[in-house]
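Structure first, then comments.
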Amino acid sequence: MASKNKVALVLSYQYPGKYALTVLAGAVEADAVGQEVALRFPRDRESLLAAVRECHDAGYRVVVAWSFYSASFPGAVEELAWLRERLEGREVLCIAGGVHATAETEQTLRGGFDLVGVGEGEPVLLELLGRLVRGEDPRQTRGMSRLVDGKVVSQGRGEGVVLDTYPPFAARHRMFGAIEITRGCIYACRFCQTPFLNKARFRHRSVENIARWTRVLREAGKRDVRFITPTSMSYGTADESMNLEAVERMLAAVREAMSPGGRVFYGTFPSEVRPEHVTPESLALLKRYVDNDNLIIGGQSGSERILQASRRGHDVETVVRATSLAVEMGFVPNVDFILGLPGEAPEDVRATLELMRRLSELGAKVHGHTFMPLPGTPYRDAPPGSVDEETRKELDRLASQGRLYGHWKQQVALANGIAARRQPRR
Ligand code: SF4
């Protein structure tokens, strides 16, 4: 039998990319190739450098991996350069993946990464590691792109992952996270990267698989379980309808797996509920099974025109109705809004502020975001979101009354940065 190479995968395990890296680490440790790969999770750049040096000097072929969103791309590029400057001739393979790397592959490669994983990461990373273990050329990995003579050479894209095939986290390394129960999204909100990266179709993890990993989480001593899904009440469906029977089977299984003493958080961070899915029946179901007292509801704009232009698929009154119903059923609705969406006129901004006030009077908290023209989305080339002085004052007033929260101010700068870095489409 051919001899195997020792391979180390060093993950730049920092916010926010660490969530995706936890999923990838889970795929590695569950796969046969994972038996041949040492995993490291350094949480800052000094430990990243130390881990890379140590693995390299111990004879491992070292892969260093980053995953980032568009806003954290410059930070990752800077860290990569910092690391390379300190490697003192050690050769390591630096790779990147995630939604920004997929949408802006060339820009990411020009940022200095050797290879960029395009699309869904699990199969791409496993093939890459397998190649390294067997001593084969990692550049031929399906789903990896690279620069050759200044031009992008693509080996296709990773896609079609069946969630049950992979764990949601890396339990053997005690790296846990929210359980991804659905990937892909049938809605086509024009500001959102999810349908672009993961396709416009729901792929659900099975109830049995979710229950199995919830038990693993509980047995590891974790008290809370949370879930990742593009839209919480879409579990078990292929279209806009709800399948409450499927949601109930899943939540009942999760509840049992977390017993005794565990807590179940659903319809809340890190996921949300679409407003038209907030009905007396869905709320009654949540009441029976979840421990959260708040629900996160996507509202996005108070302007019918802007809701339609951004293809949200619901109107303003649906957001109001969802808020009232949630309050009636004893939940605090946290309603998401995006400020500065493309095409907003002053009357649209006024309508959003008006809706924010109306919802907060009904008992909601309002979560403000600033629009970012994200790569891969139909709004990629739109102007970055901005917030005028008058709106800013009104938002500050809502915040001082405890009705509004969020990083909308910082996101103005991030949105400008994304717009400044974007390159013309080819
Ligand atoms: S915003 Fe939510 S519902 Fe809309 S496309 Fe994105 S994930 Fe789907």
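The values are calculated or read from the model by the stated rules, or taken from the named source; none is laboratory data. In this text, all values refer to a predicted model and were calculated from it rather than measured experimentally. When we count neighbours, we look across all protein chains shown, and the Cβ atoms used for this are built from the backbone with ideal geometry, even at glycine.
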Going by the conditions given, is CYS185 without any contact (Cβ under 8 Å) to a residue 60 or more places away in the chain, surrounded by 18 or more Cβ atoms within 10 Å (Cβ to Cβ), within 16 Å of the ligand (Cβ to nearest atom) and closer than 30 Å to VAL264 by Cβ? yes
Does ASP149 satisfy the condition of being among the acidic types (Asp, Glu) and either within 16 Å of the ligand (Cβ to nearest atom) or more than 30 Å from ARG110 (Cα to Cα) (or both)? no
Hey, could you check the stretch 19-47 for residues that are without any contact (Cβ under 8 Å) to a residue 40 or more places away in the chain and surrounded by fewer than 18 Cβ atoms within 10 Å (Cβ to Cβ) and say which is farthest from GLU120 (Cα to Cα)? GLU46
What pairs come out if I take residues in the stretch 214-240 that are farther than 15 Å from GLU276 by Cα and pair them with residues that are hydroxyl-bearing (Ser, Thr, Tyr) whose C-beta lies under 7 Å away, six or more apart or interchain? VAL225/THR214; PHE227/TYR266; PHE227/SER271; ILE228/SER271; THR229/THR182; THR229/TYR235; THR229/SER271
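In the list ARG226, ARG274, which residue meets the criterion of being among the basic types (Lys, Arg) and within 16 Å of the ligand (Cβ to nearest atom)? Talk me through it step by step, then tell me what you get.
Working: ARG226 fails: within 16 Å of the ligand (Cβ to nearest atom).
On inspection, the qualifying residue turns out to be ARG274.
For the stretch 277-311, which residues satisfy the criterion of being of a type in the set (Lys, Arg) and away from the ligand (no atom under 16 Å from the Cβ)? Full working, then the answer.
Of all residues in the stretch 277-311, those of a type in the set (Lys, Arg) come to 287-288, 305, 311.
Across the stretch 277-311, the qualifying residues are LYS287, ARG288, ARG305.
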Of the residues that make up the stretch 205-221, is at least one within 14 Å of the ligand (Cβ to nearest atom), of a type in the set (Ser, Thr, Tyr) and not in a helix (DSSP H, G or I)? no
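Can you work out which of the residues in the stretch 261-270 that are surrounded by fewer than 22 Cβ atoms within 10 Å (Cβ to Cβ) and among the small types (Gly, Ala, Ser) is farthest from MET233 (Cα to Cα)?
Filtering the stretch 261-270 for residues surrounded by fewer than 22 Cβ atoms within 10 Å (Cβ to Cβ) gives 261-265, 269-270.
Cutting the leftovers down to among the small types (Gly, Ala, Ser) gives us 261-262.
On the way: GLY261: 25, GLY262: 22 Å.
In this case the residue turns out to be GLY261.
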For ALA238, work out the one condition from (1) of a type outside the set (Ser, Thr, Tyr); (2) in a strand (DSSP E or B); (3) within 16 Å of the ligand (Cβ to nearest atom) it doesn't fulfil. (2)
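Is it the case that MET233 is within 14 Å of the ligand (Cβ to nearest atom) and in a helix (DSSP H, G or I)? Before you say what the answer is, go through the steps one by one.
On the way: within 14 Å of the ligand (Cβ to nearest atom): yes; in a helix (DSSP H, G or I): yes.
Judged against the criteria, MET233 is a match.
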What is the one condition in (1) at pLDDT below 95; (2) crowded, with 22+ Cβ neighbours inside 10 Å that PRO275 does not satisfy? (1)
Across the stretch 232-260, what is the number of residues that are surrounded by fewer than 21 Cβ atoms within 10 Å (Cβ to Cβ) and under 14 Å from LEU285 (Cα atoms)? 9
Somewhere in the stretch 328-341, is a residue over 21 Å from SER72 (Cβ atoms), touching a strand residue (DSSP E or B) at 6+ places or on another chain (Cβ under 9 Å), within 16 Å of the ligand (Cβ to nearest atom) and not hydrophobic (A, V, I, L, M, F, W, C)? yes
Would you mind finding the one in SER310, SER303 that is modelled with pLDDT of 95 or more, within 27 Å of THR391 (Cα to Cα) and in contact with a helix residue (DSSP H, G or I) (Cβ under 6 Å, 6 or more places away or on another chain)? SER303
Residue selected from the stretch 188-199 under the condition under 18 Å from GLU272 (Cβ atoms) and hydrophobic (A, V, I, L, M, F, W, C), by the criterion farthest from the ligand (Cβ to nearest atom): LEU197
